[in-house]
Amino acid sequence: MLKSAVASLRKRVRQVVRNKRGFTLIEILVVVAIIGILAAIAVPNVTRALQTAKNNADAANIASLQNAVEMYYIDKGTWPEVGTRFQTVLVNEGYLKKPVSPPQGLPGSYRLTIDAQRNIATVTRQ
């Protein structure tokens with residue numbers, strides 16, 4: 001009795017495994033084509049979003065540095081050093097926690113320039 005039940009179960013398993021069918025080549029090609037179309041749409045959007053995020057981070061860094069320079073001027077009555085070393089002065093005086101660099105992938109560094117009349121200081125990335 002037990003032998004016949006085991007034999008019957010084995011026979012049934014073989015039938016299920018034998019009748020199992022896989023994907024056809026056309027089905028696989030259709031899926032690959034759909035994935036390719038989705039990738040073609042998504043990759044440019046992701047790239048654009050990354051560049052926008054870098055530009056926004058750069059603008060935020062410049063605004064933060066500009067505010068620190070203006071607070072320094074209000075407190076000290078003079079501008080910090082021009083050029084790229086102004087961040088060291090701002091950190092040493094406590095106006096910045098640490099030096100700021102442009103987001104990865106954007107070239108250059110932040111620079112402080114002061115107009116000829118010494119009225120306006122501007123932070124830019126060069």
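A short reminder: the numbers here are calculations on the coordinates, not readings from a lab. What you see is a predicted model; the values in this text were computed from it and never measured. All Cβ positions, even for glycine, are placed from backbone atoms using ideal geometry, and neighbour counts span all protein chains on display.
Once you have a ≥ b ≥ c as the square roots of the Cα gyration tensor eigenvalues for region 1-72, tell me rounded if a/c is under 1.5, and otherwise prolate or oblate according to whether a/b is larger than b/c. Oblate, because a/c is 1.5 or more while a/b does not exceed b/c.
Which GluC sites (Glu not before Pro) in region 67-126 pass both tests, a DSSP loop state and at most 16 other beta-carbon atoms within 10 Å? It would help to have the intermediate numbers written out before the result.
Details: sites: Glu70, Glu81, Glu93; in loops: Glu81.
Hits after loop and neighbour filter: Glu81.
Using the Stokes-Einstein relation with a Kirkwood hydrodynamic radius computed over Cα pairs, the translational diffusion coefficient of region 45-126 at 4 °C and a viscosity of 1.567 mPa s comes to 97 µm²/s.
Under 20 Å between C-alpha atoms is the cut-off here; go through the chain and count lysine pairs that meet it, provided they're at least eight residues apart or on different chains. Write down the numbers at each step before the final one.
On the way: Lys3/Lys11; Lys11/Lys20; Lys54/Lys98; Lys76/Lys97; Lys76/Lys98.
Value for the chain: 5.
Using alpha-carbon pairs under 8 Å, 6+ residues apart, how would you state the relative contact order of the chain in percent?
Details: 92 pairs, mean separation 22.3, N = 126.
Taking the mean separation of contacting Cα pairs over the length of the chain, I get 18 percent.
Length gained on full extension, Gln104 to Ala42, computed as 0.36 nm times the residue gap minus the Cα-Cα distance: 20.1 nm. Using 0.36 nm per residue and subtracting the Cα-Cα separation, the extra length available between Ala53 and Arg21 on full extension is 6.8 nm.
At 0.36 nm per residue, and after removing the present C-alpha to C-alpha distance, how many nm does the segment from Ser8 to Gln66 gain when stretched out fully?
Working it through step by step, the gained length comes to 12.6 nm.
Simple spin-label estimate for Ile28 and Thr88 gives 6.2 nm between the two label positions (7 Å along the Cα-to-Cβ direction from each Cα). The simple Förster model, with R0 at 25 Å and r as the Cβ-Cβ distance, assigns Gln117 and Lys97 a FRET efficiency of 0.20.
Take every pair of alpha-carbon atoms less than 8 Å apart whose residues are at least six positions apart; their mean separation over the length of region 32-103 yields a relative contact order of 25 percent.
List the residue ranges in the chain for DSSP H helices whose C-alpha atoms run 18 angstrom or more along the long axis and whose Kyte-Doolittle average is -1.0 or above. Numbers along the way, then the final one.
On the way: long enough: 2-19 (26 Å, -0.36); 25-76 (75 Å, 0.85).
Helices meeting the span and hydropathy rule in the chain are 2-19, 25-76.
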